[in-house]
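Beneath this line is the structure, given in structure tokens, with notes to follow.
The values are calculated or read from the model by the stated rules, or taken from the named source; none is laboratory data. Just so it is clear, the model here is predicted, and its values are computed rather than measured. Methodologically, a virtual Cβ is constructed for each residue, glycine included, from the backbone with ideal geometry; neighbour enumeration extends over all protein chains shown.
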Amino acid sequence: MMRPISHSTHIKFKLAQKVMSVIMKQTNAISIIFSKAFYGAFVAFSFVILILYLYDQYNSLRYRLAKVLAQRVGYFRNDQGNRIKELSLNTRFLRFSDGHEISKQGAALADDEPYITWNDGKPEIVLSNPGHVKDFFSRQTQGHAKPPHMGMGPYFDRVLGSSVGVLNGDQWKAMRKVFDPNLSHQTAMDFRGTFSREVAAWMKNLQSQGSTAANGALSPELVLDASVTCRVLPFKMVASVLYGNALSQDSFRELLALNSLHEKVMFNAFFGKQERSRLFSILPSQSKSLMDGFERKWRAFNLEMIEKAKKEGLPCPVATMYPSVRKGSVTEKEFLHTIDEILFANIDVTSSVLAFLLINLARNSRAQTELRQEIGRHGSDPEAYVEKTDTLLEYACMESIRLCPAAWFSLPEYATSDMMISGYRIPSGTPCIIDWWRLNTQSPIWNSVEVSGTLFSPQRFQKLVPQDYRWSFLQFGLGSRKCIGKNVARVMMKTFLVMVLKEWELQTVGSAKDAEQEMVDTKPDRFTVTPDQRLRFVRI
């Protein structure tokens, strides 16, 4: 038999019902409000996505229409009314992965004339001989500028879009004023001792990679991948210039970890297909997560190094330069992007330059022997030797860069007024890129009866003065905007070569035919020209 409900229990039950009723009404109200808010946010987000998509499409169409209209009013034509030739390819990625082949296609299409290539719907003029370069650069260089994010899209903009190499006008001048004193020739020479110690440590580690014989002696020779072998050394040397005594072994390991993350970010910026879209750049994605993580960690690392240098009283150029951010002469973003450009973005460049130096000397035993003999004659004063500019050492570095440039094509630059290039009228604002390899090897100044422009011959510079190859040699840039790290790079290269050739004889690994190739095999998955070549290091 069921027990009767007590009066107090009945009251409690009624009260609970009322409470639940109120809660349900409130929950329904909140649910309605939330649903409306969510729906409104979804509509707003969809509208933004649509606008960005239409903006992307508009930009692509705008550039194509601009080119058509420009041709109708006489642009991209010569005095005879002939149109400039056009390589109908989107070379946005191909100029990095297959630049040598693109160069050959351009030469077959246009011979010695400039031509148009495409970068995601935007026309770019390719310059390939001294006449083109002179037409473009012999005007007032203050009238030149770099296009926004170098034509590489919003992901590039986030990682390097505010670096000194991309800035223009007063912003560029302000950044150079901050960084130039810490990257001068004298500063580079002051670091020569540091560079020597780093090269010595690198060679000691190199020796440890050799196999050990039964009697405990190290193998007299090593066979190593040139670009892999040279990868970390220049990174450490440049990091030492930037962070000075504040750079400990732990902080350098942290930099190496950051570099691994940076490589992924840069790969997406240069080769990613979706990443070139402004629409995609705001959506949650693995690429965006990598970029967000790198930006956060990169900022934290530099602030930590600056604080460490301040607290412990350590010499640290980055800390010395940071007050320019507090004063507002440069922004923190510009500051961090420029350090990134000097250190991370150039790691592939500097490592490839050192690797090509070794490869070219290995392929030319005569030049290697003569350089080693010159090094021996200057052994009593190595610092003065490195500083001299009329030596075979200097010429070997120049010749290797001439023959094996950092990239197949230069990054774009445009003139702020109309110009004539090889008789063709080019409108202001049109990006121009240089076929780096063709300029450096096919110009008449490099080719003679005695030696071809595609052969490694440092002695050629003994007969030339800089004015002879002013418009035929792209080394650290042209005009007023030369590479900010050129002084450090020169001293690094020369110090490196002197120490290596004292200890090792270099030999190529491959057939005699390989040694006569026009160009060393390169790795296609890099945005810089990176050699794919093994070397034999034989102890002297």
task = Kindly check whether there is at least one residue in segment 205-221 that is part of a helix (DSSP H, G or I), modelled with pLDDT of 85 or more and under 30 Å from T331 (Cα atoms).
result = no
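Residue-by-condition table, conditions (1) in the same structural domain as T441 (by TED's automatic domain parsing); (2) touching a helix residue (DSSP H, G or I) at 6+ places or on another chain (Cβ under 7 Å); (3) more than 30 Å from T331 (Cα to Cα):
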| position | (1), (2), (3) |
| --- | --- |
| L87 | no, yes, yes |
| R95 | no, yes, yes |
| G99 | no, no, yes |
| A107 | no, yes, yes |
| D112 | no, no, yes |
| I125 | no, no, yes |
| H144 | yes, no, no |
| G151 | yes, no, no |
Residue that is modelled with the lowest pLDDT [pool: residues in segment 462-498 that are among the charged types (D, E, K, R) and within 27 Å of I433 (Cα to Cα)] = R481
message = Can you name every one of the helices (runs of 4 or more DSSP H) wholly within segment 225-301 that holds 3 or more residues which are among the small types (G, A, S)?
response = 249-271
query = Quick check: is even one residue across segment 302-314 assigned to a loop (DSSP other than H, G, I, E, B) and modelled with pLDDT under 90?
reply = no
ask   = Any idea which residue in segment 499-540 is modelled with the lowest pLDDT, counting only those that are of a type in the set (A, V, I, L, M) and either surrounded by fewer than 18 Cβ atoms within 10 Å (Cβ to Cβ) or assigned to a strand (DSSP E or B) (or both)?
value = A512
Pairs, first at pLDDT 95 or above in segment 186-197, second surrounded by 15 or more Cβ atoms within 10 Å (Cβ to Cβ) and among the aromatic types (F, W, Y), C-beta under 9 Å, six or more apart = F195/F496
message = Of all residues being in a helix (DSSP H, G or I) and aromatic (F, W, Y) in segment 161-202, which is surrounded by the most Cβ atoms within 10 Å (Cβ to Cβ)? Just the residue, please.
response = F195
task = Scan the strands (runs of 3 or more DSSP E) fully inside segment 410-451 and keep the ones with 1 or more residues being of a type in the set (D, E, K, R) and either within 19 Å of T117 (Cβ to Cβ) or within 20 Å of the chain's Cα centre (by Cα) (or both).
result = 424-426
key: All strands (runs of 3 or more DSSP E) inside segment 79-133 with 1 or more residues being closer than 13 Å to W437 by Cβ   = 122-127
note = Those residues of segment 333-359 which are buried (at least 24 other Cβ atoms within 10 Å of the Cβ), touching a Ser or Thr at 6+ places or on another chain (Cβ under 8 Å) and of a type in the set (S, T, N, Q) amount to T338, S352
query = Here is a list of conditions, (1) more than 30 Å from L357 (Cα to Cα); (2) touching a helix residue (DSSP H, G or I) at 6+ places or on another chain (Cβ under 9 Å); (3) exposed (fewer than 15 other Cβ atoms within 10 Å of the Cβ); (4) at pLDDT 90 or above, and W298 meets all of them except one; can you say which number that is?
reply = (3)
